[in-house]
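J.: Starting off with a structure, shown below.
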Amino acid sequence: MDRLEVFTDGACSGNPGPGGWGWAVAPDGEPRGSGGEERTTNQRMEMFAVVDALRSLGAHGTPIEVVSDSTYVVNCFRDEWWVRWERNGWRNSKKQPVANADLWRPLIDLVRDGDVSFRWVKGHSGDRMNDLVDRLAVEATPR
């Protein structure tokens, strides 16, 4: 079965501030999704884009590669930060609560239950699909 390639991005006007997220399936940008929140952070919007994409696309049964310009998201899975967080009772290396655990938990469940991989792409570098999801995220940001 071919791997579905989904690009994701988040945006925030101020950090925290109003933010948006977007995702789209390559190569044509369809299906896609986007949305926003009045007060949020860029990291939360990056994460929410992935959560919504996996929920919308049904991570169970379809191999999916998430392509993101967020090292926060990609490195969590590449370096398995989440394994240590779970083992340490959702505390980071400084013994503090893990930031955004309310989004990490469902995202980790979706990844663990599916066939999901992650790939980093440089943002604002002319990648057509990354530019598309960036535009979706910015347009979804509440004004």
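Values quoted throughout were computed directly from the atomic coordinates according to the rules given, and no laboratory measurement underlies them. Just so it is clear, the model here is predicted, and its values are computed rather than measured. Here the Cβ is made from the backbone with ideal geometry for all residues, glycine too, and neighbour counts use every protein chain on show.
J.: What is the projected area of the convex hull of the Cα atoms of the chain, averaged over all directions, in nm²?
T.: Mean orientational projected area (the chain, Cα hull): 8.4 nm².
J.: Which of rounded, prolate or oblate describes the range 60-127 when judged by the alpha-carbon gyration tensor and an a/c cut-off of 1.5?
T.: Here the range 60-127 falls in the oblate category.
J.: In whole Hz, what ³J(HN,Hα) sequence does the range 110-123 give by Karplus (6.51, -1.76, 1.60; θ = phi - 60°), x for Gly and Pro?
T.: 4, 5, 5, 7, x, 10, 10, 10, 10, 9, 8, 10, 5, x
J.: What ranking, highest mean first, results for peptides 121-130, 46-55 when packing means the other Cβ atoms within 10 Å averaged over each residue? Show your work: numbers first, answer last.
T.: Details: 121-130: 13.3, 46-55: 24.0.
The densest-packed peptide leads the list: 46-55, 121-130.
J.: Per the helix-only calculation at 222 nm, which mean residue ellipticity applies to the chain, given -39500 (n - 2.57) for every DSSP H run of n ≥ 4 and division by its residues, nearest 500 deg cm²/dmol?
T.: -12000 deg cm²/dmol
J.: Right, another one. If you average the C-alpha positions of the range 35-50 and of the range 82-133 separately, how far apart do those two centres end up, in angstrom?
T.: 13 Å
J.: Given axes a ≥ b ≥ c from the Cα gyration tensor, I'd like to know whether the range 36-87 is rounded (a/c under 1.5), prolate (a/b larger than b/c) or oblate.
T.: oblate
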